[in-house]
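This report refers to the structure that appears directly beneath it.
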Amino acid sequence: MTAAQIIFLITAAVILGSAFMVVTTKNLVHAALWLIVTLFGAAVLFATLNAGFIAVVQVVIYIGAIAILFIFAVMLTRRSMTDTGPGLNRGWWLSAAIALLTFGGLVWLVSGWGGFTKAAPAYPSGFDAVAALAHALVSPEAFVLPFEVASVLLLAALVGAVYIAFQRKGEE
Amino acid sequence: MDFWSNPVKFLDDWLTGVFSGWGMAADAARVLTAFVGILVLITLVMVLDIFLVWLERKIVSRFQDRIGPNRVGPFGLIQPFADIIKLIIKENIYPVGVDKAVFNLAPVLMMMSVLLLWAVLPLTSFLGLDLNVGVLYVIGVGALGTVAIIMAGWSSNNKYALLGSFRQVAVMISYEIPMVAALLIPTIFAGSMGINSIVAAQDTWYIVLAPLAFLLFLVSATAELGRAPFDLTEAESELIAGHHIEYSGMKFGLFYASELLHAFTFGGFIAAFFFGGWRGPWVEAYPALGLFYFIVKATIAYWLFGWIKYTFPRIRIDKMLDLNWKFLVPFAFVLVPFLALMHALLRETSFYALGMFLANIALGWATIEILRRRAHGERAKVEGAVEMHG
Amino acid sequence: MIPLSWYLTLSAALFSIGMFGVLARKNAVAILLGIELMLNAVNINLVSFWRYNNPVLMDGQVFAIIVFAVAAAEVAVGLALVISIYRRRNTVVADEIDLMKW
Amino acid sequence: MTTEALIWLIPLPPALAFFLIVLFTNKNKALSHTIGVGAAILSWIASMIVFARALGVEHLGEHPFKSAVNWLPTGAEWFRVGVLIDPLSAAVLFFVSITIFMIFLYSVGYHNYGQPAGDHDHAGLPPHGATVTEHGHTHVVPSVEPMYSRFFAFLGLFAFGMYVLVISDNLLTLFVGWEIMGLCSYLLIGFWYGKKSARDAAVKAFMTTRVGDVFMLLGISFLYSATGTLSFREIFTEKVLHVLQTVPSGVFGLSAAGLIGLLLFIGTVGKSAQWPLHVWLPDAMEGPTPVSAMIHAATMVSAGVYMVIRMFPLLSLDAGTMTVIAFIGTFTAIFAASIAVAQNDIKRVLAYSTISQLGFMIAALGIGAYVAAAFHLVTHAFFKALLFLGSGSVIHGMEHGVLHTGNHHVDAQDMFNMGGLRKKMPITFWTFLIGGFALSGFPLITAGFWSKDEILADAFGHGHMAVFITLAIAAFMTAFYTMRQITLTFLGEPRTEEAKHAHETPWTMTTPLVVLSFFAVTYGWLGIPEHFPGLGGILPNWFHDFVGHTLEHVPEAPAFSWVPLLTSLFVALGGLFFGWFYYRNVKSAQEDVFQIGVLKNKWYFDEVYDFLFIKPAYWFSETFVSKWMDKTVIDGILHSFGIATQWTGEKIRRWFDLAVVNKFGDMVGYGTKDIGKGMTPIQTGRIQQYMLAAVFAFLLVSLILYYFLTAA
């Protein structure tokens, strides 16, 4: 058991536990807060995987924007901030079964793959992943087109969101 | 190993050696040493925080033509400790309907979001983590503060608190954009997102190369900090105290302390990004001297925040958002490519610093001119309308 | 050292939990929360594959970034939809939004 | 600019003018005629430069200006098109460009540019005057043509076609120009399409020339299939000509050269209005007079003659073909001249005179008088254009008189309504006189004398006595009707009130008359035979030397003989004298003894054609095809099909469609409906249940796929 493994196990436990809380807790604000914990755990995982940029971006975008939007939405869509009734459908056990089945199937499937237990190659010393990522994102030989498409998607989503949620005059 | 050239590294190695000597695994020793380091840093920061309370009260009283704390200890230096004791012995009140867990967690998270920033604050050349995503880290941690404020506002079960936190979220999300843009400029100049690298690259202070970026950062940082004139989260006359309305005792104390420390931290970042950080005379020979320079510069920046806070009146929330979306964001989007272009053009020339400064002045003058004309137009329209009706 | 299987198992578990949330939660916002969990599971997979295959090739990270963008877009539109529905029908319970019933 | 490039550019300005006027300047009369006339000037200048440079080349016949580009890929080869200026086309280009320019200029005045718009003028009808108030009193003046711009556009397109025809180095582009002119002639004859007669004339001209053109296209196709080329210079090589002469065509025992020559000649018969396809040309006088001058005198009908002259080396290979050509030409010459004697319409006389003169050229060609045919082509173009424009001027002057008296029943073109115009329209009179004398072959001075004399000399010199005598009689008749026309129109006293008030026309109309009359006189001096008594040798026989070198073997000028000279002197002077002597006292058409029915009615050719072709065609289509074949036989068969089909359909419907198909269809429909009804409970509208089902299905499918893929 190395320190890295201990850290991973703790993080994983936090992620899974909080994710479980996200999907089960009745209080939606709590669910959103638990989601933040999950996302933070994922950010830690990214950091341990030497993906510092992804980790920080995870914090900025997911926690700083998405999670907060969620909390907003929860607050806007609840007249009173107390929940009533069960948080889950009546047929939740069926969903649980399907989810378990998916998990089992995925693990079974991946465990049959040869590279399942392979170890990480040594991280190249002096390799600047952020610079490499930056080059990959804007280089015409790499991903500039998907990158631009993603930006267009974001713009479209922005416009769409404004249009959909816009309260016209005269509406309630 | 020369202690004075890098005392932190010296102590770190020594402590790791000690732990290893106790028979610990190398990994565990390293982790433990890191924890010790973090603990020491946080302790020092918290102690600094205590003195910040005193400093803040002294500054405000000077601005308001008072003397400020002067009874407890010399120059009232012991006054903060008295305040702390008072806060600690206060009753721990939970209003009806609070979400206890979240309610308790919020001030901690608030404090944490500030303390996390110190991880990347380049106190000296050897102190402060040179993350290669340092600038983004600053932004990201700021998001945690937002979460803390939302948690506080929501869990208090108080509509003022909730309103305050809503405002805070709107402000934070909005002002993050010019802030990121302002921070992009030192990043572009230095060619790195590591804050220590940015400091190391500042042969000329960036306030000279990019005074407009400095102003942009100052404004957006003031908004991010929630300090006057942008302290709408806790605007007394409207929301009583905003998100921490229901907090009392030491929990309120944490909010208060975190606000002051946040301000000082951002003063530190201003120092790092625009004032040359720890750089100063003889720093190459005695790196520890950098700490002194840095503290001085950060204090000056902190005093700047205080100056702003006690000089400007609070503005309305819609005006504040207008200012951001209609002025700061477009301005930032002009400024970043402009300065990047000027930087690319002038970098190799002998009049780099002067040229950049003049370019900034020119852009600033153009912006003010445009604003002036617009204002004249608006005014003419309003007056015309008045005349017609009159 | 941590083998790749740990990450893969973790992301599979996270994905399944997210899917459970999507399938079982009543609240539309909570369904979106589940989707976020699933997207994060994907991201963990992408980043760990990047690290475990060849860190010099940035494909995994780039895809993770694009997933961020997609997630942001999805949340913006999704929440806008939820709020719009809430305004009109005064509910966000997914079961009650069943106009598509035959 | 190289001469070759300049040659390419010659047809361009008129084409551009056409498009510019049609597309952009249609509304602006001044701009339109500026563009049109400007284009004509540009082409004229270019042509003159080319002509001048052609003069400067020694042995132009062996080294013509030529240039060609690849145009159509035909298998491995390219079909090349290009331009060619040899002595013949240079000479033709000379008169074509001048006459086109003059006619453009003349049209400005003819269509009353500068006059007010008419009171009740309609597009498609000739203008009939506008009322203006000046100095307190109202009077009627000529009004401007309503479709002024369109006229110049059409003229431009026409000029383009003519230039293309003249400069092209191969039969295909020549044919393209030929057809463009055919279209333009249709458009311009029917320019006043509001008149039924104009419409009919346009259709008649188009259809009649089409008959010739189809045969010509057949000839071109045959030529191409036989030689693989349409380029003149490639055809007129010894080798190709020899092949053409020896290969039998398989039709009437003719050689290929003979058949191709005949087919091409039929094209000329249509285009140059030779008997029996001459009927369209007199009717074509329905168009405005510049059109008559341009199309039906100076250029288009000349194009037909130009084509046969151009193809002379090919035509001359077969003696039978030459005989046919000579016969047709000679017959047309005398036949048309005889009709012209009895016509009263000033333009119709000229129309038949044109046919007759073209007959002269064709006859000359048929007897091998290559140079004489080309010479007469050029001189005729000048004096016939002059005559037509002069007649237009006369008509214009008469119309002025008609407008003055207000009596619109007076035909402004009837010569018996004229008389004494000499004093009213002096410029027109003198130029018309020059033109008429040239046409008659007034000795020594006029160009017509020299060219006609050369034809007669050739016919006599080569022993074609029948041709010689016939042509001499035709020439006599020519002089006679010409003088008749001049006498009736210009001499004596005015026979109507309108003629008294006729008026000289504006400078834009008289200037072309003067210019053309200059050429009508002087051009003949370029072709005085060298052995002519007295005059021969003073001026070199330039035309013969120049054009003659177009051919590989320069034709010998016929030896001088007194017989043809005296003959032509006699017929010309005698015809003129008798014309003047008889008609100086004739006061009206009733007194004219030459109003013989058969001549007056053009030998009843229109009636004969009506009986022979049109009536049978109507009968065939109306009675045979429509009534009998279509309505009885074909419709009967079709109706029986219909009945049978209906019966069968009824049975199929009852026993198959209703019983089997419909039942099945209903079953499918109701079955789908029932199944759908049974399945509705699944459609809960709850998205999560859908997702659950989807995930479940996905898992199932994945499982199955995994099983099969790993098993395989």
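Computed quantities for the displayed model
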item	result
Condition met for C:Ile2 (out of contact with any strand residue (DSSP E or B) (no Cβ under 9 Å at 6 or more places or on another chain) and modelled with pLDDT under 85)	yes
Test for D:Val410: is it outside any helix (DSSP H, G or I), on the phi < 0 side of the Ramachandran plot, among the β-branched types (Val, Ile, Thr) and assigned by TED's automatic domain parsing to the domain that holds D:Leu569	yes
Number of the exception - C:Ala41 against (1) under 18 Å from A:Ala31 (Cα atoms); (2) facing chain A (nearest Cβ under 7 Å); (3) open to solvent by less than 40 Å² (accessible area, probe 1.4 Å)	(2)
The lone exception for A:Val57 - which of (1) closer than 23 Å to A:Ala122 by Cβ; (2) open to solvent by 10 Å² or more (accessible area, probe 1.4 Å); (3) without any contact (Cβ under 8 Å) to a residue 24 or more places away in the chain it fails	(1)
D:Ala572, sole failed condition from (1) of a type in the set (Gly, Ala, Ser); (2) modelled with pLDDT of 80 or more; (3) surrounded by fewer than 17 Cβ atoms within 10 Å (Cβ to Cβ)	(3)
The range A:141-157 - residue that is more than 7 Å from every other protein chain (Cβ to nearest Cβ) and aliphatic (A, V, I, L, M) and, of those, surrounded by the most Cβ atoms within 10 Å (Cβ to Cβ)	A:Ala142
Lone qualifier among A:Phe20, A:Phe40, A:Phe8 - being touching a residue at least 40 places away in the same chain (Cβ under 8 Å) and either more than 25 Å from C:Met1 (Cβ to Cβ) or hydrophobic (A, V, I, L, M, F, W, C) (or both)	A:Phe8
Helices (runs of 4 or more DSSP H) wholly inside the range D:443-540 containing at least 3 residues that are under 15 Å from D:Ser568 (Cα atoms)	D:447-461, D:465-490
Extreme residue, modelled with the lowest pLDDT, among residues of the range B:236-263 that are under 12 Å from the mean Cα position of the chain (by Cα) and open to solvent by 10 Å² or more (accessible area, probe 1.4 Å)	B:Glu259
Residues (farther than 11 Å from D:Ala303 by Cβ and over 13 Å from the mean Cα position of the chain (by Cα)) located in the range D:164-189	D:Ile167, D:Ser168, D:Asp169, D:Asn170, D:Leu171, D:Leu172, D:Thr173
Residue list for the range D:436-479, restricted to those being open to solvent by less than 10 Å² (accessible area, probe 1.4 Å) and of a type in the set (S, T, N, Q)	D:Ser440, D:Thr446, D:Ser451, D:Thr478
Near pairs, Cβ below 6 angstrom, 6+ apart or cross-chain, from the range B:4-31 (away from chain A (no Cβ under 14 Å) and under 20 Å from B:Leu123 (Cβ atoms)) to any residue that is of a type outside the set (Lys, Arg) and open to solvent by 60 Å² or more (accessible area, probe 1.4 Å)	B:Phe10/B:Met1; B:Phe10/B:Phe3
Those residues of the range C:44-84 which are open to solvent by 50 Å² or more (accessible area, probe 1.4 Å) and either within 14 Å of chain D (Cβ to nearest Cβ) or small (Gly, Ala, Ser) (or both), in sequence order	C:Leu81
The range D:181-219: number of residues that are open to solvent by less than 10 Å² (accessible area, probe 1.4 Å) and hydroxyl-bearing (Ser, Thr, Tyr)	2
Which numbered condition A:Asn50 misses (of (1) on the phi < 0 side of the Ramachandran plot; (2) among the polar types (S, T, N, Q); (3) more than 13 Å from the chain's Cα centre (by Cα))	(1)
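Table: residues versus (1) open to solvent by 70 Å² or more (accessible area, probe 1.4 Å); (2) assigned to a helix (DSSP H, G or I).
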| position | (1), (2) |
| --- | --- |
| B:Leu11 | yes, yes |
| B:Asp27 | yes, yes |
| B:Asp49 | no, yes |
| B:Arg71 | yes, no |
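For (1) modelled with pLDDT of 85 or more; (2) open to solvent by less than 40 Å² (accessible area, probe 1.4 Å), each residue gets a yes or a no:
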{"site": "B:Gly153", "(1), (2)": "no, yes"}
{"site": "B:Ala170", "(1), (2)": "no, yes"}
{"site": "B:Pro178", "(1), (2)": "yes, yes"}
{"site": "B:Thr187", "(1), (2)": "yes, yes"}
{"site": "B:Ala200", "(1), (2)": "no, no"}
{"site": "B:Pro211", "(1), (2)": "yes, yes"}
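The values are calculated or read from the model by the stated rules, or taken from the named source; none is laboratory data. Computed from a prediction, not measured in an experiment: that's the story for all the values here. Here Cβ is always computed from backbone atoms with ideal geometry, including for glycine, and neighbour counts include all displayed protein chains. Side chains are part of the model used for accessible areas, which takes the heavy atoms of the whole protein and leaves out ligands, DNA and RNA. Shrake-Rupley method; radii C 1.70, N 1.55, O 1.52, S 1.80 Å.
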